[in-house]
1. Sum up the charges of everything whose Cβ sits under 11 Å from the Cβ of D220, counting Lys and Arg as +1 and Asp and Glu as -1, but leave D220 out.
2. When the dipole is taken about the Cα centre of the stretch 1-122, and only Lys, Arg (+1) and Asp, Glu (-1) are charged at their Cβ, what size is it in debye, to the nearest 20?
3. Under 5 Å between amide H atoms, partner at least 5 residues away or on a different chain: which partners does I211 have, H built in plane at 1.01 Å?
4. Under unit Cβ charges (Lys, Arg +1; Asp, Glu -1), what dipole magnitude, rounded to 20 debye, does the stretch 167-323 have relative to its Cα centre?
5. Please arrange L23, L313 by counting, for each residue, the other beta carbons lying within 10 Å of its beta carbon, fewest first.
6. Projecting each Cα onto the charge dipole of the chain (Lys/Arg +1, Asp/Glu -1 at the beta carbon, about the Cα centre), which of N34, I155, A142 comes out farthest on the positive side?
7. Which chymotrypsin sites (Phe, Trp or Tyr not before Pro) from the stretch 1-106 combine a DSSP loop assignment with at most 10 other Cβ atoms within 10 Å?
8. Once you charge only the Cβ atoms, +1 for Lys and Arg and -1 for Asp and Glu, what is the size of the charge dipole of the chain about its Cα centre, to the nearest 20 debye?
Amino acid sequence: MKELKLALMGFGNAGQAFARMLLEKDEEIRRKYNTRVIVVAITTKTRGNLVDGWGIDLEKALKNMENSGRFDKILGTLENATSQTIADTVNYDVLVEMTPLEFTSGKMATDHIRSALRRGRHAISANKGPVAWAYKELTQLAAENDCRFLYETTIMDGTPIFNMTRNALKLCQVTEVTGILNSATNYILCELAKGRTKEELVAEGKKRGFIEANPAMDVDGYDAAAKVAVIANVLMEGDLTPTDVERTGIRDITREDVEKATAGDKVIKVMCRAYRDENGKVCGTVGPEEVDKDSIYASIEGTSSIITIKTDLMGTLTIIEEAPEVQQTAYGILADLMTIMKALPEGAK
């Protein structure tokens, strides 16, 4: 049986959901892919780091997080090791990047992935930063070192946007992408229309886990801008960073603005766009717009998302993701892992 060793960079909600999914699907993975998946490293910012070349006991690690919020030393906690040291030195086959987004540079996550690829290890990123800031470099590194760099979870959780375009839209050129891609701001705008306050909605979203610990990432459009950069770079061969995206958030949107739009048979949505200008340059924008109530975008409620992809050969395709939970994020990571497993040679260790 083949063996695949994972290093998990980050162990928040998504990391823990992915670990549970690995436990739940272990027998099926072994049967369908003839592969034993083990986690040999887990890094966190404040809860400790784990390294065990024989495989970390994920059930115990998850219980630690549930009971005390920190790893027990008996599991192999490394107090002084940094996540970068672990990315640089531990013997793993796949690095799974799940640390929080650094909007201004994507540096830490990019450094983790850069190290893995240079070592000939595969990398899966749920973090938008590396794809938004260093997509071309990392893609080239993966090619040079005969490994994979995958990132399905960076847009709309586990929705197979990139797998679809990669496998089902061969030879199609993507000419424009439009969508509602930040679930937090969509939820806030929908609930403002019901008379609730922005402050209580942000607090609720943080508690439920769909608003960032720093709400400005959502409210000021930073998260959405990073997603537009990812889309532009992957689907349209752009060379954008998040700071290249024209960005306006919803901080200044009031309940009165929402009510005024409603009176005019419109709703306010934060629209994300990647497109080519008259000179063929790939551009990106994020900002609130008034959308007609009969538009498909107006029907996207709460934490749901939508993306519309225009192509030259296949026309226009629209995908809706309804009210995702962290399970979908975990599945997106697992989907990328299955892509890697399918390509493993027999006898791989």
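What follows is calculated from the coordinates using simple rules that are stated; it is not laboratory data. Just so you know, these numbers come straight off a predicted model, no measurement behind them. Glycine gets a Cβ as well: all are built from the backbone with ideal geometry, and neighbour counts include every protein chain shown.
1. Neighbour charge sum, excluding D220 itself: -2.
2. Here the size comes out at about 220 debye.
3. It is K206, by chain and number.
4. That gives the stretch 167-323 a dipole magnitude of about 260 debye.
5. On the way: L23 12, L313 9.
Going from sparsest to densest Cβ surroundings: L313, L23.
6. Highest projection toward the positive end goes to N34.
7. In loop regions of the stretch 1-106 (DSSP not H, G, I, E or B), the sparsely surrounded chymotrypsin sites (Phe, Trp or Tyr not before Pro) are W54.
8. On the way: 44 positive and 52 negative charges, 209 e Å.
Here the chain has a charge dipole of around 1000 debye.
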